[in-house]
Each structure stands twice: as structure tokens, then as C-alpha cells.
1. Let me know the shape class of the stretch 73-207, please: from the alpha-carbon gyration tensor, a ≥ b ≥ c as square roots of the eigenvalues, rounded when a/c is under 1.5, otherwise prolate if a/b is greater than b/c, or oblate.
2. Quick one: plug the Kirkwood hydrodynamic radius of the stretch 309-371 (C-alpha pairs) into Stokes-Einstein at 25 °C, 0.890 mPa s, and report D in µm²/s.
3. Counting only heavy atoms of the protein chains, get the accessible area per residue of the chain (1.4 Å probe) and round it to a whole Å² value.
4. Could you sort the peptides 206-212, 499-505 by per-residue average Cβ neighbour count (10 Å cutoff), highest mean leading?
5. Looking at the chain only, what percent of DSSP beta bridges run antiparallel? Nearest 5 please.
6. Based on the Cβ-Cβ distance from D266 to A331, what FRET efficiency comes out when R0 is 22 Å, to the nearest 0.05?
7. Throw me the Rg/Rh for the stretch 180-315, computed over C-alpha atoms with Kirkwood Rh, two decimals.
8. Pop out the carbon and sulfur fraction of the accessible area of the stretch 16-91 as a percent, whole number, probe 1.4 Å.
Amino acid sequence: MLLADVVAASARVAATRARTAKAAAIAELLRRADDDEVRPVTAWLSGETGQGRLGVGWRTLAPRVGSPAAEPGLSVPAVVSALGELATTSGAGSTARRDAVLTALFSAATEEEQRFLVALLTGELRQGALEGVVLDAVATAAEVPPATVRRAFMLSGRLPETAALALSGGAGALDGVKLEVGRPIRPMLASPGASLDAALHDLGAEVTVEFKLDGARIQVHRNGDEVRVWTRTLREITDGVPELVVLVRSLPCRTAVLDGETLALDDDGRPRAFQDTMSRFGSDAADDEAGVLLSPFFFDLLHLDGRDLLDEPLDVRLDALAGLLADDAHAGLRMKGVRRPRDGQAAQVLDDALAGGHEGVVVKALDAPYAAGRRGRAWQKVKPVHTLDLVVLGAEWGYGRRTGSLSNIHLGARDTDGGEPVMVGKTFKGMTDELLAWQTRTFRDLARERPEWGVLLRPELVVEIAVDGAQRSTRYPGGVALRFARVLRYRPDKTAADADTIDAVRALLAP
């Protein structure tokens, strides 16, 4: 297969907003791909190189753009080979070798292929092929049920490998993907609940009501003495959280997969600033932030001593978790909450959570299995203030005391059909001088355009916004605008794919 075939499919995907049309274009390409081409083609159309970060940016690539090949001739395997060499070349002479690889790659590419490669290598390939669209395409191309593809993907966490399995082995191969201790799965997510009463009415009496902490999601795997920890985006942080490793290694089991949250607490047991928790998630966190200790709180158990619990109802999983954390040394690791609350107990849990400095509660259906990677109605988070996780699309230069700072930020909600984020408002409220300085430094490096009024950003940063609601608007393309939006904090633990959707914003409209 030629790179030109991939570029043409990418252009067709970008040219339509219809989810079915996007999936059909990708499916047609996947059917034509050879076995060794499915993985890279799937990765590229998802906006990933397949080799991770390659250490090249626009400054490195700009000198190679121009003098394109007259006719398409660059094959997919040839591009894979070049990217692989870029990923593995290091040491003495590596700069010259990497330059030679890039020069040869771009010299063999047509003008359209050069544009595609630049966008792919700089992380700016935005043709609207989000994971959900690509998964639909894989199911169509392999002629297997979409649910089978999605489950295999959620358990493996790797989209290219899931596509290759589906195309080569069909439903049987996908069914063979199981939970594997030591390989993270995509976490189950909660949807916003309108209120505690609304969530209880929706889910009924067979629920558990648990604290919603102002912390970071973690997934912890134990296999014998080996303990590994991942974030909600499946980034491994084991080396940076040794205290969590020690705690989980002390549990009375041989193998386990735990789901929970972690946060830093002050001397009174109240949550420290979210930034203190996230400071432990950097590459040198264990050394740089030795004074900030993390406390874990687990709310789910997905595997225990050879028994997979994913498909068991939450009630069974909670029983297993309670047994694992039953002794006095570990009882404090359980997330606080009440099962089958009666006579105001649910409201008391919410009051206790807020009094303790936490965000609110999560109401969960006790009969629900663990739907890895899904944001369904079985889990509903309830907070006293409406909050949204939105993508920062741009920022305007401030004026007055904010002159010289990038201040008023443009906010976008995720498009459920895989298109660009949909702008829903702007805000400059809630920003400290420290945050303004951070925005000004950071946004310059993420800019994809620099108009006179500010910067337009690559849609990568997620910010948590408090709002008083939403209103109908003809000003923004989604037909809805935020009311009294203010910044709470940035969410480095989330990606644009984790942002709230335009549908979640519309749900805040008054009836």
C-alpha cells in the first residue's frame, strides 16, 4: 500500500462530519491493507505515529518541506522503517543520521504526503478519526460485532493491535483478549449527574454512594512482589509513587488489579491542592517532591488471585474488595461510602464528602459490570457546582494589569462525531497571577497559529471549568454557550479525548 492511499483516506475523513462516512472511508482502506500494514495505517489515521514521540517538531521539519516528488511512490512499509529508525537512533552521530532519514523521507513524498507527514509527526493530524470512529471502521472492515472490537480494545488498550487481530482472526481472535495482570485496561468512567436525588431516582435503591475525591485516578496491578501503577490515560507512574507500591505489596494476595484514586493529604487529613497531587506524576517526582506523600483510596477490584471480576456485578466486586482490605492495617484504603443507603444516608455521605474538602459523590448501580473505557449511566458523579472538562482552543492577550499575559481562554467541548472540538465560550475568570504566567509560557509552545490578538492552540490541554449553566447561542457553532465560566484548574491527567462532549454542555440548558 502507498502512503498516498492513506493520505487520500485521511482527506475523505476530514471532508465529512458524518461519523458513518468517516468509518466507511477508514474501513475501505483497512480492507486493502496487508497484514503488516494494518497496525501503522490504524495508528496514523488515529493521529499517532505508532512509535511514540519521535523528538521532531516543525522547526526540524520545515527545511525538508518543498521540492516534493512528482508522483506517489512512497510505500507504507518504507515510512514505517523511517519512523522506526528515528525512534531508535541515538548516541554519537545520531543527529546526522536522523537528519538523513528525514531528508530521504520527505524527498520521496509528494506535496500532499509531505503535509500529512508534518501533521502526523507534530501531533496535529486532526481529520476527525477519534478512537470510536476507528473502532467502528475496524468492526466494519473485519465484519465482526462492534461490541466485540470495543471490548478487546478496552482490555488491551492498544488500538493498532486490536485492528490487526480483528482483520487477521475475526471475532474469535478478539474474544481471546482477556484481562492480563500487568497490562492496564481502560478505566470505567462516570457521567455527570444532575443532582443526588436525580441520580438516585435514575438508578434506584440498589446503589452505592461513594466519596468523589479531588485526586487523580490510578489503576494498580500486583503480580507477586511486582506492583505497577498507571494513570487514567494508561501512563505508567510506578517509579514516581513508591509509597503506593509498598502499600499494595503488603495486601494479603498474590495477584490483584485495583481501581481507585490517590491524592495528597495535609496533617488534618484534608486534601491538599490538586497541583500538589499532580506534582508527584512527573518523571523525577519521587526525588523532587519527597515531602508530598500520596494516599490511595480504592473503590473497585477487577481481578483477585486468578479470578477475573470484570463481568461480575459491582456488588460482588465490592464484597471481594472489602475482604481484601478487611484487616485494620488496610481498612483505611477503601473509598468511603454507603451501600444501599436508607433514610437520608446518601445525603449524609455527600455532606461528609464536602465537609472533608472533597468534590462530591459518585452514585453507582450495584448490578453493573465493569464497562472498561465507557462513560455510561451506571456511574453518575454528583457535585454541588457544575463543572466541565474542556479543551483550550486559544487565548487572547490581556489588557490593563494583564497586559503581556495570555489571559482570556477559548473553550471547546469534544465533538462526539470525531470532529474538531466545538467552541462553547471564553473566560478569564479564576486565574491567579501564577496561572497567567504559566499559561503565557506554556501556550506559546503549543501554538499552531499566532494571530495579532493571541494564539490558537493545538487541542491538547484540558481545563476544568465551573459554570452556572448554559444558554442557547447563535454565536458558537454548537448552538450553546457557557454561563459565568471560571477556571478551577488544569487537568494534566486528562487528554482531549477525556474532555466533556458538546452533548454534556447542552444538557445544562434550562428546560
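The values are calculated or read from the model by the stated rules, or taken from the named source; none is laboratory data. Computed from a prediction, not measured in an experiment: that's the story for all the values here. Ideal geometry is used to build each Cβ from the backbone, glycine not excepted, and the neighbour counts take in all protein chains shown. Surface areas here come from the heavy atoms of the whole protein model, side chains and all, with no ligands, DNA or RNA. Shrake-Rupley method; radii C 1.70, N 1.55, O 1.52, S 1.80 Å.
1. Working: a/c = 2.37, a/b = 2.02, b/c = 1.17.
In terms of gyration-tensor shape, prolate.
2. Estimated diffusion coefficient is 187 µm²/s.
3. Accessible area per residue: 44 Å².
4. Working: 206-212: 23.4, 499-505: 21.4.
Descending packing order for the listed peptides: 206-212, 499-505.
5. Of all bridge pairs located within the chain, approximately 90 percent are antiparallel.
6. So, using R0 = 22 Å, E works out to roughly 0.55.
7. Ratio of gyration radius to Kirkwood radius: 0.99.
8. On the stretch 16-91, the fraction of accessible area on carbon and sulfur atoms equals 50 percent.
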